[in-house]
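One structure is given below, encoded as structure tokens.
The values are calculated or read from the model by the stated rules, or taken from the named source; none is laboratory data. In this text, all values refer to a predicted model and were calculated from it rather than measured experimentally. Neighbour counts run over all protein chains shown; Cβ positions are idealised from the backbone, glycine included. Accessible surface areas use protein heavy atoms only, side chains included; no ligands, DNA or RNA. Shrake-Rupley method; radii C 1.70, N 1.55, O 1.52, S 1.80 Å.
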Amino acid sequence: NLAGQCARFLGHAREAVTFYERARDAAPDLALRALNASNVLFNRHYLPATLAEDRRAAEEYGALFAKVRPFDHVQHRMGKRLRIGYLSPDVREHVVLSFSYALMTVLDRSRFEVTVYALNEEDSYTAHVRKSVGNLRNLVRLSAEEAAQTIYRDGIDILVDLAGHTQGNALPVLAFRPAPVQVTGIGYFNTTGLSAVDYVLSDVYVDPPGAGDDAMTEEILRLPHSHFCC
């Protein structure tokens, strides 16, 4: 993993991917395998590859969670308000928060109940989100399964991941499918490869119609304008 980081810092993308692949295959547990598999996928963006090759590489990540038992939502019942959860390691001073803050705060509270799940150490920006949303849970100290159990108990209807395969990501949490509908977007611009993720949020600029549909394991929610909320 350290060799992969050094290669990345030096701009040697191919070597970085190779080292991260070796770290993934040598990892003694699922958490470390997933971390290094995410590093593989992130650094593959600096290499020439076809969309089909990228999808196959992402599906290898999804295969890591083949033995994870997802939560059962047969008894899931919607309340009077749609319960939306936003899951992110960047509920802090970070560009992703700049692009997602409006998503968290401007919804009609008579129709939507919003919970923000942070996977990061808190700062003044985190405190501002907590004050604006009112319902923020910090899951940074929990395992992926424990975090998923928390979200499942909250009865979230739609869970929105804001990190994809970026640093500190929450995809191992989504693998347990703590919500019946799961979406990814804003923090990452490619497929997760995770079958538990149903949709990827995008737009006509990032993913022109017909250009990358087959590369995604998720269904693309393609907005007619930018999917960033500023």
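Taken over the stretch 139-172, the criterion of being within 24 Å of Arg33 (Cα to Cα), open to solvent by 10 Å² or more (accessible area, probe 1.4 Å) and not in a loop (DSSP other than H, G, I, E, B) is satisfied by Ala144, Glu145, Glu146, Gln149, Thr150, Val160, Pro172. The single condition among (1) among the polar types (S, T, N, Q); (2) part of a loop (DSSP other than H, G, I, E, B); (3) open to solvent by less than 40 Å² (accessible area, probe 1.4 Å) that Gln182 does not meet is (2). Could you tell me which residue of the stretch 20-70 is modelled with the highest pLDDT, considering only residues that are basic (Lys, Arg) and open to solvent by 80 Å² or more (accessible area, probe 1.4 Å)? Here the residue is Arg22.
Look through the stretch 113-133, keep the residues that are open to solvent by less than 40 Å² (accessible area, probe 1.4 Å) and hydrophobic (A, V, I, L, M, F, W, C), and return whichever of them is farthest from Leu162 (Cα to Cα). Walk me through how you get there before you give the answer.
Of all residues in the stretch 113-133, those open to solvent by less than 40 Å² (accessible area, probe 1.4 Å) come to 114-120, 126, 129, 132-133.
Right, trim to hydrophobic (A, V, I, L, M, F, W, C) and you get 114, 116, 118-119, 129, 133.
Working: Val114: 15, Val116: 11, Ala118: 10, Leu119: 11, Val129: 15, Val133: 17 Å.
Out of the qualifying residues, it is Val133.
Go through (1) out of contact with any strand residue (DSSP E or B) (no Cβ under 7 Å at 6 or more places or on another chain); (2) at pLDDT 95 or above for Thr115 and report which single condition fails. Among (1) out of contact with any strand residue (DSSP E or B) (no Cβ under 7 Å at 6 or more places or on another chain); (2) at pLDDT 95 or above, Thr115 violates only (1). You will find that of Leu87, Leu97, Leu103, Leu82, the residue that is of a type outside the set (Lys, Arg), more than 23 Å from Asp29 (Cβ to Cβ) and touching a strand residue (DSSP E or B) at 6+ places or on another chain (Cβ under 6 Å) is Leu82 and no other. Among the residues of the stretch 76-87, is any in a loop (DSSP other than H, G, I, E, B) and over 28 Å from Arg111 (Cβ atoms)? No, the stretch 76-87 contains no residue that is in a loop (DSSP other than H, G, I, E, B) and over 28 Å from Arg111 (Cβ atoms).
Only residues that are in contact with a helix residue (DSSP H, G or I) (Cβ under 8 Å, 6 or more places away or on another chain) and either of a type in the set (D, E, K, R) or in a helix (DSSP H, G or I) (or both): list them for the stretch 111-138, please. If the condition is that a residue be in contact with a helix residue (DSSP H, G or I) (Cβ under 8 Å, 6 or more places away or on another chain) and either of a type in the set (D, E, K, R) or in a helix (DSSP H, G or I) (or both), then Tyr125, Val129, Ser132, Val133, Arg137 are the ones that fit.
Output the residues belonging to the stretch 95-109 that are β-branched (Val, Ile, Thr) and in a helix (DSSP H, G or I). Write out each step before concluding.
Pass one, the stretch 95-109, residues β-branched (Val, Ile, Thr): 95-96, 105-106.
Scanning the stretch 95-109 gives Val95, Val96, Thr105.
Could you please find all residues in the stretch 210-224 being in a loop (DSSP other than H, G, I, E, B), open to solvent by 40 Å² or more (accessible area, probe 1.4 Å) and at pLDDT 90 or above? Lay out the reasoning, then the answer.
Filtering the stretch 210-224 down to residues in a loop (DSSP other than H, G, I, E, B) leaves 210-212, 216-218, 224.
Keeping just the survivors that are open to solvent by 40 Å² or more (accessible area, probe 1.4 Å) gives 210-211, 217, 224.
Across the stretch 210-224, the qualifying residues are Thr217, Pro224.
Note on the stretch 97-112: residues that are surrounded by 17 or more Cβ atoms within 10 Å (Cβ to Cβ), among the hydrophobic types (A, V, I, L, M, F, W, C) and at pLDDT below 95 amount to 3.
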